[in-house]
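Participant: Let me begin by handing over the structure; questions about it come next.
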Amino acid sequence: MLRRTFLTLAVWTISVIAAVPAGALEDFAFVHITDVHVEPHLLRTGPPGPVRGHESIQWIVREAVGPQDAPGLEPAWPAPAFGLVTGDLTEYGVIDDTWSVFEKTFAPLPYPLHVTPGNHDNTWVAMYDVMRQRHGGENYSFDQFGCHFVCLCSASPQEPVPSLDAKTRAWLRKDLARTAPGTPILMALHHPPDSGELATPAEYDTFIDLLRDYNVVLVLYGHGHAVQHKNMDGIDGIMGGSTYGKNAGYGLVSVQDNKLRVAYRYQHRPGKDGEKPGGPGWRTLLEKPLATSTPERLFKIASPAEDSHSADGQLTLSIETAKPVRAVVRIDGRDVQTLDIEPPGSQTTKLDVAKLTPGAHLLSVHATAKDGRTDIRTRTFLTTAETAAARWRQEFPAAFKAAPVVVGDRVIVAGTDGVVTALQRDSGRRVWSFASGAEILGTPAWTGEKLVFGSGDGKVYALDHAGKPAWVFDTDMPVYGAPLIDNGTAIIGDNGGRLHALDLRDGKPRWTFKRADYAIECQPCHWGDLIVFGAWDGHLYAVGRQDGQLAWKVPGPKSSDGKGVRYYAPADCGPGAIGDSLFVCDRGYLLGTYSRDGAYGGQMAKGVSGIAVDEPSGTVFARSNADKVYRFSADGSTVWEASVPAGRFPIPPTLRGESVYVCSNQGRLSVLDATGGHIRWSYQATPGFYVMAPVTVDDSGTCYVAGMDGSVTAVRQVGKQRSEAARGS
């Protein structure tokens, strides 16, 4: 059985934590641990060796117990009641017995640990199923000592770039709304909210705007392996080091006598001015009164309302404030105006938005009071133009990594909440929905009769046109692969490294390939009598189309140099074939070719993040992490290149008729002429939030773009496109 093993140790249970009524503040302390990076343990390799930094971890589990003799407080700080571990628990996610290794490593601690995933935990073999079994989900909260503790997942599904996506935000809004007013809230997540890896400014500004309506007294995080304090527009944040390296140690958070204190204990104090590191030592990071009421907002935006439309090139902004503030107005992160506002009442101004790309945009107002306090308010607004227009826009409480699927007069979307929804193509009206047991990450496939997809609940589903299950196959592992429909068979990979060939009639297995060392996420391709796919172990596999028997296994393009094999695996964008040549791109952003016997033909291009192979025309369309789109011929020569927003996500361009469709990392849809590469038209599908799903195009030319912000937009060209230079964007 490939199902992961979970230890049933009393130290890990969280049932002992009961809700405490708001206002009943008690003295307490807890430990903050982050960035452990336990190496994977594969079953075939025998017993696991020592974990990274095992000597430091042994020191932590020995020292981070009992009353803590930290500086600045007498008597000693209270004994920790629990621990928060803010991500990168593992190096490559949870495969085989990796999670058991993590649990055993920290089992000596006499208190429960509450964990949240980091990017290392969620990229190669995402650990959502671990979080469900351990904490009920990747986002969860608990109440203790009169405070509310929130654990968020900032790690994107099967993607190293972080996101505070629609599913996380929907959960957070509901959770905070249930919290008694004024309750001190302490939050833990892996990534710093001000990290440049997020889809800034959209994610940071809107996240801080959300938090400022509540009494968030502290945000704990990791990721940077540093020990530091930051003030994020009025919210204190602490980065908590690591369990190995020069900053090995643990953080301690204490509340005593209504004072909040945070300190970090190094195993070896960093040396100054070239001195050698010393012995254990404490560093005070934060000390402040513990607020028991929600801090006052400095201002509010009276207009525009959320999702307002601007059809005349003007946006009316009205700001109300009770205190003098200086307000910096930004659109999509660019300063457009500065206002000095004196109360009482409001100040109204007109913003010129005529030159913006049609679509969704972010309005942010950053205000500073005379006493130095700051605040952020945000609004999403939409612009229209003669060139492109949205037919409809729907918003969901989940993010989308799977592309929409057109089925007759409907378009079907599958979200990270596990819900499949059928929408009317012409209106976006919801027709039916079906809930699987967990996140859906791979794009479903329509067979002409059934919609086939995998789910994080370990099952492969086939739904009929009415959204009713025709059959369900249980793989016993999360299924994040995108299915290939091949001659009456659905071929799909799972997180245990297996590839399943299922009969479309009844879902029964025709064959199963066992196995790659890590998850199989990409859509396989058929190539003559072979099925070819990449896996997160860095290898490319070819198996028999009829029996699933291994024909060959070779390193991916970047993995061929033997460096960073798993980091740079050919695992997420599926390969494609033209004649006797196979085209493969990987996370090292190399595009390479292979012959039918698996021999590597060499590098074709650098900087390639996703490809779409069009066999009839002998063409490879490529998306670049340098904001370019290419058309290559099968021999590797460049037919054209176009400079348009693209990005690093492994999303294949979409070819439909005479056009190529590419959506950038942050939501800019560009439609290019397939013959010459010039831009036909463009549209801003999200206000800067990430888009990780391919674009879908129907026979009328309508594009469907699904974003990590939970938006699904149906948009099409309505007139001739002005040039980028004329539009000023």
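The rows are residues; the columns are (1) under 21 Å from VAL31 (Cα atoms); (2) at pLDDT 95 or above; (3) surrounded by fewer than 20 Cβ atoms within 10 Å (Cβ to Cβ).
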position: LEU176; (1), (2), (3): no, yes, no
position: GLY222; (1), (2), (3): yes, yes, no
position: THR243; (1), (2), (3): yes, yes, no
position: GLY251; (1), (2), (3): yes, yes, no
position: PRO270; (1), (2), (3): yes, no, yes
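Participant: If I go through the range 260-298 residue by residue, how many of them are under 25 Å from ALA180 (Cβ atoms) and of a type outside the set (S, T, N, Q)? I'd like the intermediate steps shown before the answer.
Facilitator: Filtering the range 260-298 for residues under 25 Å from ALA180 (Cβ atoms) gives 260-262, 286, 288-298.
Subset that is of a type outside the set (S, T, N, Q): 260-262, 286, 288-291, 295-298.
Adding up the residues that qualify gives 12.
Participant: Still on this model: Which residue out of TYR214, TYR264, TYR221 is closer than 24 Å to THR90 by Cβ, in contact (Cβ under 8 Å) with a residue 60 or more places away in the chain and not acidic (Asp, Glu)?
Facilitator: Details: TYR214 fails: closer than 24 Å to THR90 by Cβ; TYR264 fails: in contact (Cβ under 8 Å) with a residue 60 or more places away in the chain.
The conditions single out TYR221.
Participant: Only one of these conditions is not met by ARG373: (1) over 13 Å from ALA714 (Cα atoms); (2) in contact with a strand residue (DSSP E or B) (Cβ under 6 Å, 6 or more places away or on another chain). Which number is it?
Facilitator: (2)
Participant: Next question, about the same structure. If I go through the range 81-105 residue by residue, how many of them are more than 21 Å from PRO193 (Cα to Cα) and in a loop (DSSP other than H, G, I, E, B)?
Facilitator: 8
Participant: Of all residues in the range 101-133 being polar (S, T, N, Q) and crowded, with 24+ Cβ neighbours inside 10 Å, which is nearest to ARG169 (Cα to Cα)? Reasoning before the result, please.
Facilitator: Here is the first cut: in the range 101-133, the ones polar (S, T, N, Q) are 105, 116, 119, 122-123, 133.
Filter again for crowded, with 24+ Cβ neighbours inside 10 Å, leaving 116, 122-123.
Working: THR116: 15, ASN122: 18, THR123: 20 Å.
Ranking the qualifying residues of the range 101-133, first place goes to THR116.
Participant: What pairs can you find where one residue is in the range 173-198 and under 20 Å from SER293 (Cβ atoms), the other is assigned to a loop (DSSP other than H, G, I, E, B) and among the charged types (D, E, K, R), and their Cβ atoms are less than 9 Å apart, with a gap of 6+ or different chains?
Facilitator: LEU176/ASP213
Participant: From the residues in the range 85-95 that are buried (at least 23 other Cβ atoms within 10 Å of the Cβ) and of a type outside the set (Ser, Thr, Tyr), which one is nearest to GLN144 (Cα to Cα)?
Facilitator: VAL85
Participant: Do you know which of the residues in the range 564-614 that are of a type in the set (Val, Ile, Thr) and farther than 17 Å from VAL532 by Cβ is surrounded by the most Cβ atoms within 10 Å (Cβ to Cβ)?
Facilitator: Step by step, filter the range 564-614, then rank; the result is VAL608.
Participant: Can you spot a residue in the range 513-521 that is without any contact (Cβ under 8 Å) to a residue 60 or more places away in the chain, closer than 24 Å to THR90 by Cβ, crowded, with 23+ Cβ neighbours inside 10 Å and hydroxyl-bearing (Ser, Thr, Tyr)?
Facilitator: Taking every residue of the range 513-521 in turn, none turns out to be without any contact (Cβ under 8 Å) to a residue 60 or more places away in the chain, closer than 24 Å to THR90 by Cβ, crowded, with 23+ Cβ neighbours inside 10 Å and hydroxyl-bearing (Ser, Thr, Tyr).
Participant: Anything in the range 324-361 that is touching a Gly at 6+ places or on another chain (Cβ under 8 Å), surrounded by 18 or more Cβ atoms within 10 Å (Cβ to Cβ) and assigned to a loop (DSSP other than H, G, I, E, B)? List them, or say none.
Facilitator: Passing the criteria: ASP332, VAL353.
Participant: Looking at the range 626-637, which of the residues that are without any contact (Cβ under 8 Å) to a residue 24 or more places away in the chain and part of a strand (DSSP E or B) is nearest to TRP536 (Cα to Cα)?
Facilitator: LYS628
Participant: Provide a single number: the residues in the range 134-174 that are buried (at least 24 other Cβ atoms within 10 Å of the Cβ), within 13 Å of the chain's Cα centre (by Cα) and not in a helix (DSSP H, G or I).
Facilitator: 12
Participant: Considering every residue within the range 549-560, establish whether at least one is within 30 Å of PRO645 (Cα to Cα), more than 24 Å from the chain's Cα centre (by Cα), surrounded by fewer than 24 Cβ atoms within 10 Å (Cβ to Cβ) and modelled with pLDDT under 95.
Facilitator: yes
Participant: For residues that are assigned to a strand (DSSP E or B), within 22 Å of VAL691 (Cα to Cα) and aromatic (Phe, Trp, Tyr), tally how many sit in the range 583-625.
Facilitator: 1
Participant: Okay, next question. Taking the condition of being more than 22 Å from GLU39 (Cβ to Cβ) and not hydrophobic (A, V, I, L, M, F, W, C), how many residues in the range 499-538 meet it?
Facilitator: 15
The values are calculated or read from the model by the stated rules, or taken from the named source; none is laboratory data. As the structure is a computational prediction, the values presented were derived from the model and not from experiment. Note that each Cβ is placed from the backbone with ideal geometry, even for glycine, and that neighbours are counted across all protein chains shown.
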